[in-house]
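The values are calculated or read from the model by the stated rules, or taken from the named source; none is laboratory data. Nothing here was measured: the structure is a model prediction, and the numbers come from that model. As a convention, Cβ positions derive from the backbone with ideal geometry for all residues, glycine included, and neighbour counts pool all protein chains shown.
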Amino acid sequence: MRKSLIAVSIIAMVGAGIYLLQRPDKDLDMVEFLQAYININTAQPTPDYGSALTFLKRQATRDGFAIQEVPLPSGNKVLVVSQLGTDQALPALALNHHIDVVPIGNQADWKHDPFAGTIESGIIYGRGTQDMKGIGVAQYYALKAIKEAGITLKRTVHLLMVPDEEVGGFKGVNEFVKTEVFSRLNIGFVLDEGVASGADNTLLIKIGERKPIQIRLTSTGTEGHGSKIKCCNAAANLAMLLARIASFQEEQKVRANTIEAGQLLSMNITSLQAGVMRNGTVALNVVPNTATATVDIRVPPSITMQQAHAILDDMMHDFPSIHYEVLATISDPKGSVSVNSPLYHILAKTIEGQGLQAQSFYFEATTDTRYYLACGIQGFGLTPFTCKENLHGVDESITVDDLKLGQRIFYDVIRAFCT
């Protein structure tokens, strides 16, 4: 009976974050802070960055941190919250989290309002709990605890609160790393996101991620009557090339049964368009003179971008009437990522100090880490949660215990690496 009463009282906290947002004088605990942060709808494509930045700045100012708001050419802003170290010559440690989240899909599919931060049976539900407001809150409260404990840091720590990651980071960290402010931060190490482990006894440390090459294929031919045997059919030629790409992808799927997906090259066809329009409909008896498709290519750390382009060019060798343009890409990283890094050893030791096993992995997707690596910065990813991974999914959630675990881990990492 007591448990059910507690559950009812906790469920009644739906909308508590909205109340807390209206109480700037209240000193929020970590769970309340995450609820209030979730309440701010920063879902793409129209994230409310203004309210989020105001909320984060207000807390950081209240806690006495040094803050900088960095305007970017796109009009977006990055918030830098810093605890300065005594040795400014030491490369700083940065803890990165992105403010934006993905859309919620159909809200009716969610158990709770995805922007309420509802707690039920010790689980916090809401968009961004895993990706990655929950991580950002754990990072912030770890540094806040360091500050409140009066611990003197030798190495400066920066919390980087950035926009645009969920749509590629092109108007976020991509622009931020080119600013004069960023160069003055003297960052040598970055901790970014990884994935939740889904195992009670394990946490995952990201030591690599795949690099994107997103392309548009354009096939050209000759428009003509659909009855002709001999014709230069742009759609047919493109279909044959796409069949080759699809076959390559199927081979990678088989390899993924024995090789970590983050170490494989993938090519996913993401759109296809062809056809001649007549009076608002596709003319069924007309061969189109152009056809286009987009392909999302992800390149593992073991393959250079030049090698990936060579693989693509080899696939296209038999199709001279098809060319491609690169819509988005990134340079090969200059930064080092290694299990032999002192930072990796501290991450692993800290995790083991919590009675958990540390396991390295290569991330299948792509994060802001790539922009830092391209600057020569050493970068790892850590999502310090043992809950089941549910990035971008319905009922995204973490447990309250995981949030507290995350704070303890970031606290110990900062203390060990920066003092």
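Here's the yes/no breakdown for (1) part of a strand (DSSP E or B); (2) of a type in the set (D, E, K, R):
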{"position": "Val70", "(1), (2)": "yes, no"}
{"position": "Ala94", "(1), (2)": "yes, no"}
{"position": "Lys111", "(1), (2)": "no, yes"}
{"position": "Pro114", "(1), (2)": "no, no"}
{"position": "Gly134", "(1), (2)": "no, no"}
{"position": "Ala138", "(1), (2)": "no, no"}
Which one is farthest from the chain's Cα centre (by Cα) among residues in segment 162-195 that are more than 15 Å from Pro71 (Cβ to Cβ) and aromatic (Phe, Trp, Tyr)? Phe189
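Considering only segment 360-385, state which residues are of a type in the set (Ser, Thr, Tyr) and surrounded by 22 or more Cβ atoms within 10 Å (Cβ to Cβ). Show your work before the answer.
First, pick out the residues of segment 360-385 that are of a type in the set (Ser, Thr, Tyr): 360, 362, 366-367, 369, 371-372, 383.
Of everything in segment 360-385, those that are of a type in the set (Ser, Thr, Tyr) and surrounded by 22 or more Cβ atoms within 10 Å (Cβ to Cβ) turn out to be Thr367, Thr369, Tyr371, Tyr372, Thr383.
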Collect the residues in segment 241-298 that are modelled with pLDDT of 95 or more and among the basic types (Lys, Arg), keeping them in residue-number order. Arg244, Lys253, Arg255, Arg298
Index of the failed condition, Glu396 passing every other in (1) farther than 23 Å from Ala92 by Cα; (2) surrounded by fewer than 20 Cβ atoms within 10 Å (Cβ to Cβ); (3) not hydroxyl-bearing (Ser, Thr, Tyr): (2)
Against the condition out of contact with any Phe, Trp or Tyr (no Cβ under 7 Å at 6 or more places or on another chain) and closer than 24 Å to Leu373 by Cα, how does Asp87 come out, does it pass? yes
Which of the residues spanning segment 74-120 are farther than 26 Å from Ala142 by Cα and β-branched (Val, Ile, Thr)? Ile104
Considering segment 319-336 alone, what residues qualify as being out of contact with any helix residue (DSSP H, G or I) (no Cβ under 8 Å at 6 or more places or on another chain) and in a loop (DSSP other than H, G, I, E, B)? Pro320, Ser336
Output yes when any residue across segment 90-100 is in contact (Cβ under 8 Å) with a residue 24 or more places away in the chain and farther than 30 Å from Ala416 by Cβ, and no when none is. yes
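Residues of segment 56-67 being of a type outside the set (Lys, Arg), assigned to a helix (DSSP H, G or I) and either free of Cβ contacts under 8 Å to residues at least 24 places away in the same chain or closer than 11 Å to Leu79 by Cα (or both), which ones?
Matches in segment 56-67: Leu56, Ala60, Thr61.
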Taking Ile311 as meeting all but one of (1) assigned by TED's automatic domain parsing to the domain that holds Asp109; (2) assigned to a helix (DSSP H, G or I); (3) surrounded by fewer than 17 Cβ atoms within 10 Å (Cβ to Cβ), write down the number of the exception. (1)
Criterion (outside any strand (DSSP E or B), surrounded by 15 or more Cβ atoms within 10 Å (Cβ to Cβ) and outside the structural domain of Arg408 (by TED's automatic domain parsing)) met by exactly one of Gln306, Gln252: Gln252
Can you confirm whether segment 324-336 contains a residue that is farther than 15 Å from Val190 by Cα, touching a Cys at 6+ places or on another chain (Cβ under 9 Å), in the same structural domain as Thr290 (by TED's automatic domain parsing) and surrounded by 14 or more Cβ atoms within 10 Å (Cβ to Cβ)? no
Filter pass, Gln130 being modelled with pLDDT of 95 or more, assigned by TED's automatic domain parsing to the domain that holds Tyr37 and outside any loop (DSSP other than H, G, I, E, B): no
